[in-house]
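Undergrad: Have a look at this one before I ask anything.
The values are calculated or read from the model by the stated rules, or taken from the named source; none is laboratory data. Note that the structure is predicted; figures quoted are calculated from it, not measured. Virtual Cβ from ideal backbone geometry, glycine too; neighbours counted across all protein chains shown. In case anyone asks, the SASA skips ligands and DNA or RNA and just uses the protein heavy atoms, side chains included. Shrake-Rupley method; radii C 1.70, N 1.55, O 1.52, S 1.80 Å.
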Amino acid sequence: MPTLKVNLPEKNYPILIQKGILNHIGEKIKKIYQNKKIAIITDTHVEKLYGARIKKQLDNDFEIKMIVLEPGEKSKSMDVLQHVYNKLLEFEITRGDLIIAFGGGVVGDLTGFAAATLLRGIPFIQIPTSLLAQIDSSVGGKVAVNLPKGKNLVGNFYHPKAVFIDPDVLKTLDKRVFSDGMAEVIKYGCIRNKKLFDDLLKYNDEELFEHIEQIIYTCCHIKKSIVERDELDTGERMLLNFGHTLGHAVEKHYKYEKYTHGEAVAIGMYHITKKGEALGITDKKTSDCIKEILCKYHLPYEMPAMDQEEIIKTIGLDKKNKGQYMNIILIKKVGESLIKKIYKKDIVAFI
Ligand code: GLY
């Protein structure tokens, strides 16, 4: 697979997607980093499966410190962040050293935020191990931790030095975690690529895995192209939030326990598309196609019964929706998306 390059005014970095790259990660890192110390931040699941493999690749040439966190969203907190800062300082890390985020979205976001802020910035590399992290959160520089009031409320834009993606590690993912990532893959099809959407509809499980490298490449290509044009998320990048406005409200209502992020986004994509159809913005029957693909990938689509006032309040608290207006992401049809600016009070038509 050709290397993708994210080209930004202040920084360029490669995204390398290759089955088995984890077995050559030492060579790849030696090419871009010449100092001694590397702190690897991971979680207990990933450490158990791949910790020894990555260490073996790096042990001969570098001084390695592994920081292993509990898996799950609860680790994306200020407390865990402080623990990570302490561990990095005990390791006497400097701005000339390197941090590796080795895990899913939680590890990537928290590690990226620690790297962005400790000592005013330490270079870091992303080695994402979940489908969601490989196609979304490891690319584009959004790093953050959660606060009790909501997700990703403390964050920054801080890009990695490189992203190394090994699709082979997806083989050990739990089925539900894989489907979680598939919701975001489907999202890329909905907003930008009808061929991707149609291919996903026709693949069986085996074919999906045969094509997974290409699928990841397609998603990362869409994301990097959007990020290059709108790094700071003031315009086109908002398209990546298709399904997320309602999705966040669903996730929050169930205290991030009942639905995964992808499942909540799946519900959000279907629901907003139905509303788009009812308002004459989206072509008729588009929501049926979305329902079909969500069912195929074991994702929910039905909006659970929730209090409308609560949804409106949650949407209003979203950090992107300050002021009188808000942006809603809709699709005209599969592969074609749009940003609709509405008065906040008009959100009722979309929920
Ligand atoms: N995950 C959406 C974005 O990076 O903008």
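Undergrad: Could you list, in sequence order, the residues of the range 289-314 that are open to solvent by less than 80 Å² (accessible area, probe 1.4 Å) and in a helix (DSSP H, G or I)?
TA: Within the range 289-314, 289, 290, 291, 293, 294, 295, 296, 310, 311, 312, 314 meet the criteria.
Undergrad: Yes or no: residue 181 within 16 Å of the ligand (Cβ to nearest atom) and of a type in the set (Gly, Ala, Ser)?
TA: Considered against the rule, which asks whether it is within 16 Å of the ligand (Cβ to nearest atom) and of a type in the set (Gly, Ala, Ser), residue 181 comes out as yes.
Undergrad: Still on this model: From the list 239, 294, 299, pick out the single residue that is in contact with a Ser or Thr (Cβ under 7 Å, 6 or more places away or on another chain), under 13 Å from residue 187 (Cα atoms) and more than 16 Å from the ligand (Cβ to nearest atom).
TA: Result: 299 is the single residue among 239, 294, 299 that is in contact with a Ser or Thr (Cβ under 7 Å, 6 or more places away or on another chain), under 13 Å from residue 187 (Cα atoms) and more than 16 Å from the ligand (Cβ to nearest atom).
Undergrad: Of (1) open to solvent by 10 Å² or more (accessible area, probe 1.4 Å); (2) at pLDDT 95 or above, residue 184 satisfies all except one. Which?
TA: Failed condition: (1).
Undergrad: Quick check: is even one residue across the range 109-116 in contact with a strand residue (DSSP E or B) (Cβ under 8 Å, 6 or more places away or on another chain), farther than 28 Å from residue 2 by Cα, open to solvent by less than 10 Å² (accessible area, probe 1.4 Å) and within 16 Å of the ligand (Cβ to nearest atom)?
TA: Looking through the range 109-116, at least one residue is in contact with a strand residue (DSSP E or B) (Cβ under 8 Å, 6 or more places away or on another chain), farther than 28 Å from residue 2 by Cα, open to solvent by less than 10 Å² (accessible area, probe 1.4 Å) and within 16 Å of the ligand (Cβ to nearest atom).
Undergrad: How about the range 189-236: which of its residues are away from the ligand (no atom under 11 Å from the Cβ) and either in contact with a Cys (Cβ under 7 Å, 6 or more places away or on another chain) or among the basic types (Lys, Arg) (or both)?
TA: Within the range 189-236, 192, 194, 195, 197, 202, 229 meet the criteria.
Undergrad: May I pose another question? Can you tell me which residue within the range 133-149, out of those that are more than 13 Å from the ligand (Cβ to nearest atom) and open to solvent by 10 Å² or more (accessible area, probe 1.4 Å), is modelled with the highest pLDDT?
TA: 146
Undergrad: Only one residue in 231, 263 is buried (at least 18 other Cβ atoms within 10 Å of the Cβ), in contact (Cβ under 8 Å) with a residue 40 or more places away in the chain, closer than 15 Å to residue 186 by Cβ and not aromatic (Phe, Trp, Tyr), so which one is that?
TA: 263
Undergrad: Taking only pairs six or more apart or across chains, which ones have beta-carbon atoms under 7 Å, a first residue in the range 168-185 that is in contact (Cβ under 8 Å) with a residue 12 or more places away in the chain and of a type in the set (S, T, N, Q), and a second residue that is open to solvent by 20 Å² or more (accessible area, probe 1.4 Å) and not in a loop (DSSP other than H, G, I, E, B)?
TA: Correct list of pairs: 172/49.
Undergrad: Follow-up question, since we're still on this one. Would you check if there is a residue in the range 221-231 being under 14 Å from residue 182 (Cα atoms) and among the β-branched types (Val, Ile, Thr)?
TA: No - not one qualifying residue is present in the range 221-231.
Undergrad: Are there any pairs, at least 6 apart or on different chains, whose C-beta atoms fall under 7 Å, with the first in the range 41-67 and among the acidic types (Asp, Glu) and the second part of a helix (DSSP H, G or I) and open to solvent by 60 Å² or more (accessible area, probe 1.4 Å), and if so, which?
TA: 61/30
Undergrad: Here's another thing I want to ask about it. When the range 119-129 is examined, which residues are found to be open to solvent by 10 Å² or more (accessible area, probe 1.4 Å) and out of contact with any Phe, Trp or Tyr (no Cβ under 8 Å at 6 or more places or on another chain)?
TA: Of everything in the range 119-129, those that are open to solvent by 10 Å² or more (accessible area, probe 1.4 Å) and out of contact with any Phe, Trp or Tyr (no Cβ under 8 Å at 6 or more places or on another chain) turn out to be 119, 120.
Undergrad: What number of residues within the range 41-79 are open to solvent by 70 Å² or more (accessible area, probe 1.4 Å) and part of a strand (DSSP E or B)?
TA: Adding up the residues that qualify gives 1.
Undergrad: To continue, here is another question. Does any residue in the range 199-218 that is farther than 15 Å from residue 181 by Cα come within less than 6 Å, Cβ to Cβ, of a residue that is modelled with pLDDT of 95 or more six or more places away or on a different chain, and which pairs are these?
TA: Hits for this filter: 201/293.
Undergrad: A further question follows. Consider residue 172 against the criteria (1) touching a helix residue (DSSP H, G or I) at 6+ places or on another chain (Cβ under 6 Å); (2) within 25 Å of residue 293 (Cβ to Cβ); (3) open to solvent by 50 Å² or more (accessible area, probe 1.4 Å); (4) within 16 Å of the ligand (Cβ to nearest atom): it satisfies all of them except one. Which criterion is unmet?
TA: Evaluating residue 172 over (1) touching a helix residue (DSSP H, G or I) at 6+ places or on another chain (Cβ under 6 Å); (2) within 25 Å of residue 293 (Cβ to Cβ); (3) open to solvent by 50 Å² or more (accessible area, probe 1.4 Å); (4) within 16 Å of the ligand (Cβ to nearest atom) leaves (4) as the failure.
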